[in-house]
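Everything below concerns the one structure shown next.
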Amino acid sequence: MNTLFISYASDDQAVALEVCAQLEAQGVRCWIAPRDVAPGAKWDEALLQAIDAAGAFLLLLSEASNESPFVQNEVNRAFGKKKPIFTFRIEDIPPSGSLEFYLARHHWTDGFPPPLEPKVAQLAVAVSGLLGVSDLSGTTGTAVATGAAAAPPRAKKRAGAAPAWRRTALIGALCALAGGLTASGAWYAARPAPPSVTRLAIAPIGAETPSIDGNERDLAITADGRRIVYVGNRGSTLFARALDVLTPTPLATGAPRGPFVSPDGQWVGFVDGGTQLKRVAITGGSAVQIASLDATARGATWLPDDTIVFATAIPTSGLQRVPASGGTAIVLTRPDTAHGEVDHLWPEALPGGRAVVYTITTAGGPDAGQIAVLDLATGTSKTVLRGGSQARYVPTGHLVYAAGGALRAVAFDLSRLEARENPVVVLPRLVVGNFGSADAVVSAHGTLAYLDAFGASLTVRSLVWVDRDGREEPLGAPARAYTYARISPDGERLVLSTIDEEGDLWMWDLARRTLTRLTFGPQLDTYPVWSLEGRRIYFSSEWDGARNLYVQAADGTGSPERLTESPNQQNVTAVSPDGKRLIFHQTTPATNSDILQLALDGTHEVTPLVQTSFIERNGRVSPDGKWLAYEANDSGRQEIYVRPYPDVNSGKWQVSAAGGTRPVWSHDGGELFYLVSSATGVSLMRVGVQRGSGWSATTPVTLFEGPYFVPAGSTGVTYDVSSDGRHFLIGKQESASDAPPQIVVVQHWFEELKKLVPVN
């Protein structure tokens with residue numbers, strides 16, 4: 001009983017959404033169609049139920065609503081159910097027909113002349129006060145004045161007296177004439193023109209410059225379109241930028257990714273370090289932990305019931321749901337691998353929060369994805385569109401989504417869950433990430449914000465040699481979105497993975513200074529590792545479903561050979577010193593991330609090495625074959641540990657002292673290196689290994705620090721060490737182009753969308 005039902009004619013939808021957004025920004029809960037019609041619900045039944053359940057009724061009065069039989073039916077229902085009725089005129093016309101019967105006994109608030117905000121603020125005061133009344137059962141259907149308090153009851157009119165609105169109009173006209181004005185100037189107003197579409201670019205500089213991760217959408221917007229949230233400072237700071245101020249507000253530091261905003265616009269959810277789901281007030285403050293995820297996040301949305309639906313990089317778990325206040329997540333969906341589904345990503349709430357639209361990924365890459373709707377009450381899903389990713393429903397009756405490097409829109413029937421006609425490109429250039437994330441967001445108010453695909457592309461990196469004193473020497477390879485680089489056993493070539501273009505593997509010849517493509521196709525190929533003799537490359541690929549293990553000739557001949565077939569995500573990390581086993585980590589819902597090994601003798605037998613309820617990954621066997629170094633979060637954060645190999649259960653030692661990821665052995669086994677990330681950069685750490693029958697190592701020391709690449713998910717080793725141990729190969733963060741990344745904001749974008757993609 002504490003919601004306000006908003007009734008309007010279809011021609012007035014833009015104004016209705018504007019009024020709704022402003023009322024909700026002032027704390028008034030509204031029910032408005034089509035936003036709050038549940039997917040699959042019958043339209044007329046949903047409207048009647050909403051009116052019956054509402055605490056008050058608001059009519060937006062215009063020429064169109066006067067003529068609309070649907071609006072008249074809604075007002076009639078509200079009157080019959082004894083709902084307090086508020087009238088907000090958006091055109092200078094009186095009520096006519098049956099509306100005159102219901103509304104002629106009171107005065108109303110006018111939404112003109114501009115600006116609209118103070119008029120809606122007056123309306124919000126009246127509505128808020130009335131919605132605070134707990135029992136309205138004894139009242140009759142009442143037309144309510146929209147001042148600070150309702151007008152007192154009027155004396156009964158004598159027969160033949162003119163209605164109140166006619167007397168008001170006549171007095172207004174006479175007064176205008178007396179003042180020397182024309183009658184038309186006094187009380188005639190033309191129908192207001194649609195708001196003009198305006199574009200502006202936000203181009204922060206320095207640490208406030210936006211970052212583009214390539215794996216996540218690093219942009220969000222509040223429902224009223226007044227604040228934009230983005231990741232900046234080379235991926236280390238979360239910012240909120242109000243459109244009426246010149247500088248953004250820092251919200252959180254570390255490795256924030258994938259921001260999303262609560263329905264009331266007061267909180268920002270995000271993922272820190274790839275797996276820590278957190279929230280922070282949009283005005284700033286300390287971040288609050290919500291949940292620890294099993295793997296790197298792949299999208300999240302905040303529902304009106306204060307729960308969060310999210311996705312991770314674990315294909316077997318699909319979508320999950322957790323209270324925003326914290327708690328245990330429950331699994332909502334699991335991909336149907338028998339029908340070619342790989343994962344469920346990028347959830348977005350539908351109006352009312354009773355369903356979410358999400359992306360079903362397949363082996364063909366983002367453009368081969370399917371858009372589906374999940375009913376949260378029944379747990380059933382329906383595919384509504386094929387060929388795209390990261391869809392969002394907007395109140396104009398459209399689905400907008402990413403496909404072919406562009407933002408597309410299609411008319412969408414929310415009640416039937418059906419797309420109409422053919423999709424239309426509404427934004428031809430769009431930053432689309434490796435897993436289908438799209439750096440474009442739309443507010444319920446009608447503001448579009450997106451990262452300029454030409455002012456900024458995926459964050460690129462240059463490959464550099466860094467010596468132990470931190471001196472850098474560029475390799476000369478073209479700057480690209482490199483992720484992992486490995487030096488060949490003979491030191492003459494590098495195998496590289498990227499997340500630009502189609503996410504393939506490439507080979508860099510250090511002497512010839514040439515870059516050659518090694519794998520092809522729309523699927524992601526990543527985590528490359530050399531065989532001991534340097535003739536083959538082991539890697540992880542999503543070639544035919546979930547990310548499994550493959551091998552490819554290093555000279556590019558032949559086709560990749562699949563080594564494993566599993567529904568779980570598997571990432572290669574190393575080959576054992578005898579060349580007989582492939583070390584990898586695998587993510588499962590039951591035990592998180594575990595370290596396993598694959599026999600390379602033809603049997604392809606898989607055996608576990610370190611398998612607990614904690615996250616263990618990036619295992620590396622020492623050159624003498626005696627020790628397994630890896631990272632794990634036993635203590636609550638990632639640290640470096642060592643166990644005997646192959647008898648991993650006979651001992652365990654912690655190597656790092658204050659966090660650490662990505663261990664790498666020196667070629668002689670006398671040193672162990674690892675990385676420590678901070679808001680200021682990445683530090684390469686070193687411990688000396690004292691050879692003997694047991695494990696012994698020196699205190700960790702920092703060799704150098706700089707702006708080097710480390711993905712937020714702590715999943716793969718991003719550097720390598722030369723055979724002499726004097727130089728380190730690593731990717732250095734660079735600007736994508738001379739032009740700084742910028743955020744483009746399009747206000748009143750719904751007006752443009754309705755022209756580009758009409759909805760019948």
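The values are calculated or read from the model by the stated rules, or taken from the named source; none is laboratory data. Note that the structure is predicted; figures quoted are calculated from it, not measured. When we count neighbours, we look across all protein chains shown, and the Cβ atoms used for this are built from the backbone with ideal geometry, even at glycine.
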field: Selection from the range 237-255 of residues that are touching a residue at least 60 places away in the same chain (Cβ under 8 Å), more than 25 Å from LEU200 (Cα to Cα) and buried (at least 19 other Cβ atoms within 10 Å of the Cβ)
entry: GLY254, ALA255
- request: Working carefully through the options VAL676, VAL687, VAL717, VAL642, find the one that is in a strand (DSSP E or B), crowded, with 21+ Cβ neighbours inside 10 Å and at pLDDT below 95.
  value: VAL676
field: Evaluation of THR383 against (1) surrounded by 19 or more Cβ atoms within 10 Å (Cβ to Cβ); (2) closer than 28 Å to GLU341 by Cα; (3) among the hydroxyl-bearing types (Ser, Thr, Tyr) (one fails), failing number
entry: (1)
statement: So the strands (runs of 3 or more DSSP E) completely within the range 348-445 holding 1 or more residues that are within 20 Å of PRO259 (Cα to Cα) and out of contact with any helix residue (DSSP H, G or I) (no Cβ under 7 Å at 6 or more places or on another chain) are 355-361, 389-394, 398-403, 406-413, 440-442
task: Select, from GLU67, GLU24, GLU18, GLU63, the only residue that is acidic (Asp, Glu), touching an Asp or Glu at 6+ places or on another chain (Cβ under 7 Å) and over 18 Å from PRO84 (Cα atoms).
output: GLU63
- request: Would you confirm whether any residue within the range 273-289 is surrounded by 19 or more Cβ atoms within 10 Å (Cβ to Cβ) and without any contact (Cβ under 8 Å) to a residue 24 or more places away in the chain?
  value: yes
- request: Would you check if there is a residue in the range 50-58 being surrounded by fewer than 16 Cβ atoms within 10 Å (Cβ to Cβ), of a type outside the set (S, T, N, Q), at pLDDT 85 or above and outside any strand (DSSP E or B)?
  value: yes
- line: The number of residues in the range 191-234 that are modelled with pLDDT of 85 or more, basic (Lys, Arg) and more than 17 Å from the chain's Cα centre (by Cα) is 2
- request: Answer yes or no as to whether VAL431 is surrounded by 21 or more Cβ atoms within 10 Å (Cβ to Cβ) and either of a type in the set (Gly, Ala, Ser) or in the same structural domain as GLU752 (by TED's automatic domain parsing) (or both).
  value: yes
- prompt: What number of residues in the range 329-358 are under 25 Å from ASP413 (Cβ atoms), buried (at least 24 other Cβ atoms within 10 Å of the Cβ) and touching a Pro at 6+ places or on another chain (Cβ under 8 Å)?
  reply: 6
- prompt: surrounded by 22 or more Cβ atoms within 10 Å (Cβ to Cβ), under 26 Å from HIS748 (Cβ atoms) and in contact with a Leu (Cβ under 9 Å, 6 or more places away or on another chain), is that true of PHE86?
  reply: yes
Among residues of the range 607-621, those that are crowded, with 17+ Cβ neighbours inside 10 Å and in contact with a Ser or Thr (Cβ under 7 Å, 6 or more places away or on another chain), counted: 8
message: Quick check on this structure: which one of GLY265, GLY258 is modelled with pLDDT of 85 or more, not hydrophobic (A, V, I, L, M, F, W, C) and not in a loop (DSSP other than H, G, I, E, B)?
response: GLY258
message: So in the range 292-312, with the set limited to residues that are surrounded by fewer than 24 Cβ atoms within 10 Å (Cβ to Cβ) and closer than 23 Å to GLY716 by Cβ, which one is modelled with the highest pLDDT?
response: SER292
task: Filter the range 1-41 down to residues that are of a type in the set (Phe, Trp, Tyr) and not in a loop (DSSP other than H, G, I, E, B) and give me whichever is nearest to TYR393 (Cα to Cα).
output: TRP31
message: Scan the range 547-563 and tell me whether some residue there is aromatic (Phe, Trp, Tyr), touching a strand residue (DSSP E or B) at 6+ places or on another chain (Cβ under 8 Å) and farther than 23 Å from LEU628 by Cα.
response: no
